[in-house]
Every structure is written in structure tokens, then in C-alpha cells.
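Notes to accompany the following structure.
The values are calculated or read from the model by the stated rules, or taken from the named source; none is laboratory data. Quantities reported herein were computed from a predicted structural model and do not represent experimental measurements. Note that each Cβ is placed from the backbone with ideal geometry, even for glycine, and that neighbours are counted across all protein chains shown. Surface areas here come from the heavy atoms of the whole protein model, side chains and all, with no ligands, DNA or RNA. Shrake-Rupley method; radii C 1.70, N 1.55, O 1.52, S 1.80 Å.
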Amino acid sequence: MANDDLRQLRAVLREAVRAAGYPVREWERRLGVGHGSLERLLDGSQELRVRHILGFAELLSVSPGDLLDTGCPEAARQAEHRVSDWIASGPARPPHKAAASAPPVLSEELVAAIREAVREELSAVSGPKKK
């Protein structure tokens with residue numbers, strides 16, 4: 001995963017944390033990280049791990065794949081295959097390119113509209129922001 005993808009993923013996570021409105025301590029507790037670690041995860045001074053992505057997804061009630069697709073759109077666009085293509089083909093040979101079902105390419109405007117809709121929905125569901 002390129003540094004730009006990680007920066008973008010962290011930006012998406014930061015925006016989702018802000019939109020959800022949970023207190024920082026609640027995020028840290030639910031992610032299983034120490035006090036002050038949320039900011040370090042989001043600013044890149046602490047490495048994001050799979051367990052963190054899973055925790056963010058659980059707290060936001062979204063799939064981990066959705067977080068990664070939204071946070072790493074360029075990596076998603078460049079994918080030639082899906083995991084199921086590889087598993088179905090077996091480990092010895094990659095799937096035929098024509099059989100791969102590439103993820104749809106979303107315009108930046110559509111991604112922005114989706115993000116705004118998610119922010120509005122999270123805001124409506126969570127009620128007033130907690131401090």
C-alpha cells in the first residue's frame with residue numbers, strides 16, 4: 001500500500017471519527033489502544049494494523065472493505081482481480097484476466113457525495129456530539 005493510500009485512509013478515518021462524535025477516550029477504549037494513541041494512529045506516527053481497521057469498521061457499523069475502498073480509492077481502481085478469483089483458481093495459477101471482476105470506478109464527485117451522505121447519516125444517528 002503506497003504512502004498516499006495510507007494518508008488518504010487516515011484522512012477518511014479521521015473524518016469518520018469526527019462525524020461519529022464519540023469521545024476520543026471511547027474510541028481508544030473500543031479500539032483497545034492506550035490514551036493518546038488515536039491521534040498517533042490518525043497522524044501516521046503509529047502504524048495502523050488490521051485490528052485497528054476492524055475496530056474502526058465495527059464502531060462505524062461499516063465493513064472493513066468499505067473503509068479500505070473509500071480510504072484507498074486508487075488501490076481499489078488498480079485491482080485486476082478479487083480475492084475470490086484467486087481462491088477459486090487455487091494458489092498455483094492466477095485467474096484469467098477476462099474472468100476478473102474489477103471493482104467499479106467511482107468519480108470523485110460520487111465519492112464526495114457518498115462521504116457527505118455518510119456524515120449526515122452518522123450525525124443523525126448519533127444525535128448531539130459528545131465531548
Practice item. Inspect region 8-18 for any residue being surrounded by fewer than 16 Cβ atoms within 10 Å (Cβ to Cβ) and modelled with pLDDT under 90 and give the result as yes or no. Key: no
Review point. So, of the residues in region 70-105 that are modelled with pLDDT of 60 or more and touching a Ser or Thr at 6+ places or on another chain (Cβ under 9 Å), which turns out to be most open to solvent (accessible area, probe 1.4 Å)?
Key: Arg82
Exercise for review: Return the total of residues in region 1-24 being free of Cβ contacts under 8 Å to residues at least 12 places away in the same chain and under 26 Å from Ala117 (Cα atoms).
Suggested key: 1
Practice item. Mind counting the residues in region 36-54 that are in a helix (DSSP H, G or I), open to solvent by less than 70 Å² (accessible area, probe 1.4 Å) and over 14 Å from Arg10 (Cα atoms)? Key: 0
Practice item. Determine, yes or no, whether Ala75 is under 26 Å from Glu120 (Cβ atoms) and in contact (Cβ under 8 Å) with a residue 40 or more places away in the chain. Key: no
